[in-house]
Amino acid sequence: MKTAYEPLDLRAFHNSGTACFGSGLGDRISLGIQQLRGIPFCIGSADGDSEHSLLLFDGSGKATERIRIPVERRPRHVIFAHSLLEPDCLQGDNIGGIIAEYVFSFEDNREVRIPVRKRFEIGCVPVGWGQLPFVALPDEKDGLQPRLEGRWGKAGHRQTEVEHAWPVAFYLWAWRNPWPHQDLRAVSIRPADSKLVIGGITLGFLEEAPFHRTARKPVKITLTQEADAVRPFDLEVEVDRGVATYVFPLPKPAAAGNEGDSRVGWGEPTNELSSPAYVEIAATASATMEVKQGGESLGTVNWGRLNEEGSASTPRLELRIVETGKNWVHTTVVDDETGSPIPCRIHFRSPQGIPYQPHGHHDRVNSNHGSWHTDIGGDLRLGQITYAYIEGTCQGWLPLGDVVVDAARGFEYEPLRTRVKITPGQRKLELRLKRWTHMNARRWFSGDTHVHFLGERGGHREAGGEDLNVVNLLVSQWGHLFTNAEDFVGRPTVSHNGETIVYTSQENRQHLLGHLSLLGLKEHVSPWCSDGPSEAGIGDNLEITLSRWADACHEQGGTVVIPHLPNPNGEPAALIATKRADAVEMLVHSKYNHSEYYKYLNCGYRLPLVGGTDKMTADVPVGICRTYVHIPADEPFDYESWCRWLGRGHTFLSSGPLLFFNVGGAEIGDTVRLPGNGGCVEVEAHAHSIFPVHTLQIVQEGRVVASTEEAKGSRSLHLRATLTIEKHSWLAARCAGPNYEAQAHFDGWRRGIFAHTSPVYIAVGGEWWMFDAEVARYMLTLIDGSVQYIRHIALQHDHQVQHHHDFSDHREYLEEPFHEAAQALHKRMHDLGIPH
């Protein structure tokens, strides 16, 4: 077999040890045959004699220091592992200064004299940031950070995934031999007045450059044995004379180029198995690529052969080059009706599933790991797919040939999945999104009541991409972490076109008593969180209750929403009993959330229903669960009007379907008045959706009283019915999947696709009222439990403190709202003659 690289034995010339590098650095040098960037070098000797392991020139420049190293071979390259030891190396002076002259002597007595210059053919060790040489490389190659673990202090840095190469001790410089067909007799080292150390010299006999010069290419990996393929994903690739990215699963073969999926634009299931997968490689032709699974080698191939032939196989692997070329393409996404660019989110990939996201965006959010409190560049992950939020234009690499495009903009545009063909030389691509309905034109304005971590500008960017009108960005405290404080300005910010509003307010939180969204604040309501982890700090006292937060919000003209009703399920009952809550939020489809909401309605509390995401990760889209608020035509759309009509109950929540409902001509949030003996009402509901829906129902006091079902699913359902009403009641419409079970989105919560209106209230023979004694007792139990918690569990200071309030008795301050709530319930029970 032809020799690729052969280290020279320099032991006869060794005159120094590793100690010449100084304390610490010399100890890092390994002796014997070492692979530096995949090339073998003989550093010292295998016996580990660290005192006679290097060739050192002390900087005297004397002729006696010159040495002649015999070669007598015909290499194509001579590669030096050398470094410059100077006390002023970090200063960056004398760039280009001659450190030594390397003289190459040939059999015909010709000589080639090469000046070795500082920061060109050689560099300093240690090296300052930004002082690497121009034509030499560090002895270590670029690498990847640990994929699944690392020190806490590296958490942010690890998102880069990569580690830049820095020298351990040497720089590698390759001299290309102009006469490889005659003997190279010797290499002479003629030092100048600098301290030069040579660790090793290696001869290269291949036509290739010793260090890879071609950029990375994607390689599809298929595990041919089923036992390997179906194992949970745990692949890595190592390349000796090159570099490799992390390995990533590809979509399952059936999904890689599927344009007919009903979830077009909204992600797809994640492939958790080991095959198929892909990696990107940059390497020399002689490099060896090794695929490992769980640390076990599955096979190796030569990179040059794979690159030349396009594919290679081993008993357990099939590898294929899947990119024949690519163009830098400028893409514009336009509204099909207006022809103008529109914000949206977009995903590009090859038919095999390899992503080619716009420049400035990520192919995979956080390498498809969890991403709490990490908003990176306006990106979103839905299952297997990562989307980029764009303002209507983007640019970046796209592969030649077929490209699968996945794009979406909220619930009112037809999502797009199509194939386009990128031809050689193509620089531009136009895509069109079609609006199928326009809720703003019907005076319905959408908003997300519950968003964290985005930032004001990010909120506008992602709201535009999701066709969302309002983002309530909520500052909060998470233990000892405070977030989004810099975004709080006490007023809304409006986009230049007036279509999106971001208002930074607060979610104030306690781990047991509950959470509270305070919308529309002009000033902070402090403390933001209370009563210990994970909301407040460890060992914190209970300084305030939700009711006091609600009062402070109302004093500023704000709107109080109980998020993710009912949990944490402590104080919500008191908030509702004292009418401190303006609305309640439902952000997942579950029987528990529904039944808790229905309880309070049945007990006679008017509670508008809103939708929010509680977005804290990059795998949750803003507005995937959103609130639609109806604003009359004679009022402008602004933040105050949106909150005002939200508080009046003219709302429905949606995670996809658009829902319309009226009762005898009355709209959502209205009250229908019937005579004392009741009567009949005509109800009508419509559901329209970009996703298939199966069930549309009318619920009365939580019971289904009318329903229509489409077993195969439909994008439009309609229901009309006549109902007999004999007493005060409420009605609402809702829709979801089969039997009102919800089919799951691909967001991190896997929340269901459904919609639910706020009630239409039916008053019979007077003002609307309802009461449920069992629910009242349930509320009283929660109220009593909260008081007992305050008295017996919650932490308090045992020394003199001045609290944030003016009450002389802190416990009285905490308990008072709960006593008010209990009295309100007892009064209602007393007025109705119910024992309590």
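Do we have any residue at all in the range 763-782 that's over 30 Å from V264 (Cβ atoms), part of a loop (DSSP other than H, G, I, E, B) and without any contact (Cβ under 8 Å) to a residue 60 or more places away in the chain?
Step one: list which residues in the range 763-782 are over 30 Å from V264 (Cβ atoms), which gives 763-782.
Filter once more, keeping what is part of a loop (DSSP other than H, G, I, E, B): 765-772.
Now narrow it down to the ones that are without any contact (Cβ under 8 Å) to a residue 60 or more places away in the chain: 767.
The answer is yes, given that some residue of the range 763-782 is over 30 Å from V264 (Cβ atoms), part of a loop (DSSP other than H, G, I, E, B) and without any contact (Cβ under 8 Å) to a residue 60 or more places away in the chain.
Filter the range 274-293 down to residues that are out of contact with any Pro (no Cβ under 9 Å at 6 or more places or on another chain) and open to solvent by less than 10 Å² (accessible area, probe 1.4 Å), then give me how many there are.
Final tally of qualifying residues: 6.
Among the residues of the range 713-755, how many are out of contact with any Lys or Arg (no Cβ under 6 Å at 6 or more places or on another chain) and either assigned to a strand (DSSP E or B) or more than 18 Å from I698 (Cα to Cα) (or both)? Outline the logic, then answer.
Kept after step one, since they are out of contact with any Lys or Arg (no Cβ under 6 Å at 6 or more places or on another chain), are these residues of the range 713-755: 713-743, 746-755.
In the following step, the residues that additionally are either assigned to a strand (DSSP E or B) or more than 18 Å from I698 (Cα to Cα) (or both) were identified as 713-725, 729-736, 743, 746-752, 755.
Residues in the range 713-755 being out of contact with any Lys or Arg (no Cβ under 6 Å at 6 or more places or on another chain) and either assigned to a strand (DSSP E or B) or more than 18 Å from I698 (Cα to Cα) (or both): 30 in total.
Within the range 2-28, which residues are open to solvent by less than 60 Å² (accessible area, probe 1.4 Å), part of a loop (DSSP other than H, G, I, E, B) and closer than 10 Å to G44 by Cα?
If the condition is that a residue be open to solvent by less than 60 Å² (accessible area, probe 1.4 Å), part of a loop (DSSP other than H, G, I, E, B) and closer than 10 Å to G44 by Cα, then L10, H14, G17 are the ones that fit.
Identify the residue in the range 311-335 that is outside any strand (DSSP E or B) and of a type in the set (V, I, T) and, among all such residues, is least open to solvent (accessible area, probe 1.4 Å). Let's see the steps before the verdict.
Let us first name the residues in the range 311-335 that are outside any strand (DSSP E or B), namely 315-316, 322-325.
Now narrow it down to the ones that are of a type in the set (V, I, T): 322, 324.
Details: V322: 26, T324: 132 Å².
Step by step, filter the range 311-335, then rank; the result is V322.
Could you grab me the full set of residues in the range 524-543 that are aliphatic (A, V, I, L, M) and within 16 Å of R791 (Cβ to Cβ)?
Taking the range 524-543 and keeping what is aliphatic (A, V, I, L, M), we get 525, 536, 538, 542.
The one that is aliphatic (A, V, I, L, M) and within 16 Å of R791 (Cβ to Cβ): L542.
Please work out if R305 is crowded, with 18+ Cβ neighbours inside 10 Å and charged (D, E, K, R). Can you show your working first?
Numbers: crowded, with 18+ Cβ neighbours inside 10 Å: no; charged (D, E, K, R): yes.
In short, no.
Have a look at A577, A583 and point out the one that is surrounded by 21 or more Cβ atoms within 10 Å (Cβ to Cβ), of a type outside the set (D, E, K, R), over 14 Å from P759 (Cα atoms) and touching a residue at least 12 places away in the same chain (Cβ under 8 Å).
On the way: A583 fails: over 14 Å from P759 (Cα atoms).
Unique residue meeting the criteria: A577.
Quick one: in the range 555-574, which of the residues that are over 14 Å from N508 (Cα atoms) and open to solvent by 30 Å² or more (accessible area, probe 1.4 Å) is farthest from the chain's Cα centre (by Cα)?
By that ranking, first place goes to E555.
If you take the residues in the range 749-800 that are in contact with a Phe, Trp or Tyr (Cβ under 6 Å, 6 or more places away or on another chain) and among the hydroxyl-bearing types (S, T, Y), which one is farthest from I690 (Cα to Cα)?
Among those that are in contact with a Phe, Trp or Tyr (Cβ under 6 Å, 6 or more places away or on another chain) and among the hydroxyl-bearing types (S, T, Y), it is S786.
Per-residue answers, yes or no, for (1) closer than 28 Å to G669 by Cβ; (2) open to solvent by 60 Å² or more (accessible area, probe 1.4 Å); (3) modelled with pLDDT under 95; (4) outside any strand (DSSP E or B):
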site	(1), (2), (3), (4)
G396	no, no, no, no
R419	no, yes, no, no
P424	no, yes, no, yes
H450	yes, no, no, no
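With the checklist (1) over 43 Å from the mean Cα position of the chain (by Cα); (2) without any contact (Cβ under 8 Å) to a residue 12 or more places away in the chain in hand, flag the one item G678 doesn't pass.
(2)
Which ones in the range 274-310 are among the polar types (S, T, N, Q), part of a strand (DSSP E or B) and under 27 Å from the mean Cα position of the chain (by Cα)? Talk me through it step by step, then tell me what you get.
Of the residues in the range 274-310, the ones among the polar types (S, T, N, Q) are 274-275, 284, 286, 288, 293, 297, 300, 302, 307.
The next check asks that each one be part of a strand (DSSP E or B); those that pass are 288, 293, 297, 300, 302.
The one that is among the polar types (S, T, N, Q), part of a strand (DSSP E or B) and under 27 Å from the mean Cα position of the chain (by Cα): Q293.
Within the range 255-273, can one find any residue that is farther than 29 Å from I624 by Cα and either of a type in the set (K, R) or not in a strand (DSSP E or B) (or both)?
No.
Which of (1) small (G, A, S); (2) in contact with an Asp or Glu (Cβ under 8 Å, 6 or more places away or on another chain); (3) open to solvent by 10 Å² or more (accessible area, probe 1.4 Å) does S590 not meet, given it meets every other one?
It fails just one condition, (2).
S641 passes all but one of (1) of a type in the set (S, T, Y); (2) surrounded by fewer than 23 Cβ atoms within 10 Å (Cβ to Cβ); (3) in contact with a strand residue (DSSP E or B) (Cβ under 7 Å, 6 or more places away or on another chain); which number fails?
Condition not satisfied by S641: (3).
Let me spell it out: the conditions are (1) open to solvent by 40 Å² or more (accessible area, probe 1.4 Å); (2) under 26 Å from H728 (Cβ atoms), and G604 meets all of them except one. Which number is the exception?
Every listed condition holds for G604 apart from (1).
Given the options L795, L717, L723, name the one that is under 41 Å from the mean Cα position of the chain (by Cα) and either surrounded by fewer than 16 Cβ atoms within 10 Å (Cβ to Cβ) or closer than 17 Å to E667 by Cα (or both). Can you show your working first?
Working: L717 fails: either surrounded by fewer than 16 Cβ atoms within 10 Å (Cβ to Cβ) or closer than 17 Å to E667 by Cα (or both); L723 fails: under 41 Å from the mean Cα position of the chain (by Cα).
It is L795.
Just wondering, is there one or more residues in the range 462-471 that are touching a Lys or Arg at 6+ places or on another chain (Cβ under 9 Å), part of a strand (DSSP E or B) and not hydrophobic (A, V, I, L, M, F, W, C)?
No: the range 462-471 contains no residue that is touching a Lys or Arg at 6+ places or on another chain (Cβ under 9 Å), part of a strand (DSSP E or B) and not hydrophobic (A, V, I, L, M, F, W, C).
Restricting attention to the range 99-132, report how many residues are open to solvent by 30 Å² or more (accessible area, probe 1.4 Å), over 16 Å from I198 (Cβ atoms) and touching a residue at least 60 places away in the same chain (Cβ under 8 Å).
4
Test of understanding: among P180, P126, which residue is modelled with pLDDT of 95 or more and assigned to a loop (DSSP other than H, G, I, E, B)?
Working: P126 fails: modelled with pLDDT of 95 or more.
After applying the criteria, what remains is P180.
Kindly indicate whether any position in the range 386-395 is within 11 Å of the chain's Cα centre (by Cα) and of a type outside the set (V, I, T). Even if it seems obvious, please write down each step before you answer.
Restricting attention to the range 386-395, the residues satisfying the condition of being within 11 Å of the chain's Cα centre (by Cα) are 386-388.
Checking which are of a type outside the set (V, I, T) leaves us with 387-388.
Yes, that holds for at least one residue.
(1) more than 27 Å from Y592 (Cβ to Cβ); (2) among the acidic types (D, E); (3) open to solvent by 80 Å² or more (accessible area, probe 1.4 Å): which one isn't true of E774, the others all being true?
(1) is the only condition that E774 fails.
Would it be correct to say that E149 is free of Cβ contacts under 8 Å to residues at least 12 places away in the same chain, in contact with a Phe, Trp or Tyr (Cβ under 9 Å, 6 or more places away or on another chain), open to solvent by 30 Å² or more (accessible area, probe 1.4 Å) and farther than 20 Å from L54 by Cα? Working first, answer last.
Working: free of Cβ contacts under 8 Å to residues at least 12 places away in the same chain: yes; in contact with a Phe, Trp or Tyr (Cβ under 9 Å, 6 or more places away or on another chain): no; open to solvent by 30 Å² or more (accessible area, probe 1.4 Å): yes; farther than 20 Å from L54 by Cα: yes.
It is false that E149 is free of Cβ contacts under 8 Å to residues at least 12 places away in the same chain, in contact with a Phe, Trp or Tyr (Cβ under 9 Å, 6 or more places away or on another chain), open to solvent by 30 Å² or more (accessible area, probe 1.4 Å) and farther than 20 Å from L54 by Cα.
The values are calculated or read from the model by the stated rules, or taken from the named source; none is laboratory data. The shown structure was predicted, so the numbers you read here are calculated from the model rather than taken from an experiment. Methodologically, a virtual Cβ is constructed for each residue, glycine included, from the backbone with ideal geometry; neighbour enumeration extends over all protein chains shown. Just so you know, the surface numbers come from the protein's heavy atoms only, side chains and all, with ligands and any DNA or RNA stripped out. Shrake-Rupley method; radii C 1.70, N 1.55, O 1.52, S 1.80 Å.
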